[in-house]
1. Relative to the longest principal Cα axis of chain B, at what angle does helix B:26-139 sit, 0 to 90 degrees, rounded to 10?
2. Could you do me a favour and compute the accessible area per residue for the stretch A:48-98, 1.4 Å probe, result in Å²?
3. Running a GNM on chain A with Cα contacts under 10 Å, which residue among A:VAL69, A:VAL241, A:VAL182 ends up with the highest mean-square fluctuation?
4. To the nearest 20 Debye, how big is the dipole of the stretch A:108-254 about its Cα centre, given +1 on the beta carbon of each Lys and Arg and -1 on that of each Asp and Glu?
5. I need the shape label for chain B. Rule: rounded when a/c is under 1.5, else prolate if a/b > b/c, else oblate, with a, b, c from the alpha carbon gyration tensor.
6. Would you work out which of A:MET240, A:LEU100, B:VAL86 lies farthest towards the positive end of the dipole of the protein assembly as shown, given +1 charges on the beta-carbon of Lys and Arg and -1 on that of Asp and Glu, about the Cα centre?
7. Got a sec? Which residues of the stretch A:59-78 lose 40 Å² or more of accessible surface with every protein chain in place, vs. that chain alone, 1.4 Å probe?
8. If R0 is 45 Å, what FRET efficiency do you get for A:THR16 and A:ASP78 from their C-beta distance, rounded to 0.05?
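The values are calculated or read from the model by the stated rules, or taken from the named source; none is laboratory data. For clarity, every value in this text was computed on a predicted model and none was experimentally measured. Cβ placement follows ideal geometry from the backbone for every residue including glycine, while neighbour counts extend to all protein chains displayed. All accessible areas refer to the heavy atoms of the entire protein, side chains included, with ligands and DNA or RNA removed. Shrake-Rupley method; radii C 1.70, N 1.55, O 1.52, S 1.80 Å.
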Amino acid sequence: MASEGGATGYIVHHLTPLTVGEGFWTLHLDTLFFSAFLGGLFIWFFKGQADKATAGIPNLTQNIAEMLVEFVDGQVKDTFHGKSQLIAPLGLTIFCWVFLWNFMDLIPVDLLPGIAGLMGMEYMRVVPSTDLNATFAMSISVFVLIIFYSIKVKGVFGFAKELTCTPFGPWMMPFNLLLKVVEEIAKPISLGLRLFGNLYAGELIFILIALLPPLIQPMLSFPWAIFHILIIVLQAFIFMVLTIVYLSMAHEDH
Amino acid sequence: MSINATLIGQMITFTLLVWFTMKYVWPPIMEALEERKAKIAEGLAAAEKGQEEIKLAEKKAKNLLKEAKEQAAEIVSMAQKRANEVVEESKETAKKEGERILQAAEAQIEQEMQQAKEALRKQVASLALRAAEQILKEEIDKAKHKEILEKATEQLG
């Protein structure tokens, strides 16, 4: 628990990542490790199910994988009316990966950092979605895809026309451009910040609860954890759905 | 809370994950799902077809049964008719035969009666003659009563 610096020190300690490097070339090792580890978990599970996938009677794990796949596929089909090899797998990856990130939030706040501390690592922040780098990495990748598909579907000229001539017609070109650029830039920023903000706040509250006397802690952390089960799924779902929506918007010709 | 190179690392990981999912995870699972869907649809169609076939077979069986019953009834009625005919025929023949036998018997009886009559007449005639002879031997003169004798003989003959 809080060893030095009291409550503030404890909180700051928990929210400081394990880093190497200087300046921009700083790497958050904990974020990189846990997100890669969870990504591996995701790949391991789904690859296993994909290899075993049969048209016969599915077993429990196959059922879970198929449920997720069909859930994502349904979301994509509801929103995106076209053919794309990318969008549905992208949605599945985002949903599962973000869910796993967020799930780390439910692990007791002192467990993994404590173990890491025993192994000599001073800082350990286990929830990748409380790192802006992780959430923005994802939202910026989605943004790149939005731009890519906008240009691919509408052509450079078509996309430029959409940026400059909507919504107010060619006479308002500079204003249109400003509006459109803000609209486009707002997409990755809102995506990244929403996920980060929710999970950061959630983690912060867990840390605050951990500061309370041990007998009171379960009374607060238990309901908060239950509430958080909803939050982590919801945030993963929102990230996925918005990605699908943005990409289908990029595919639509006005 | 600064943006740094971690972002690039995360983007690489993300890209790899999406690529892997797109290439190796999504297609086989979707394929299996589609295949199962097709299988289920096939099964349902087959079940429906089977049910229809059962209905058809039932209808056919009913028709066959009805036909068979009709045929049986026809056969029975024909047999009855034939039996009646046979009975009538044999009655007729029996009657005719009886009549014929009766006639033959009657004819025979007639004939035998005629024969008996003839024989009897002859015997009575000779007996009467003998009796008359014996009586007449005593009293009647043959020549004297010749006319009477002749008359009697004539009556008996």
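1. Helix B:26-139 sits roughly 0 degrees off the main axis of chain B.
2. On a per-residue basis, the stretch A:48-98 sits at 47 Å².
3. Of the options given, A:VAL182 has the highest mean-square fluctuation.
4. Using Cβ point charges on Lys, Arg, Asp and Glu, the stretch A:108-254 gives about 280 debye.
5. It comes out prolate by the Cα gyration axes.
6. Selected residue: B:VAL86.
7. Output list: A:GLU66, A:VAL69.
8. With a Förster radius of 45 Å, E is 0.65.
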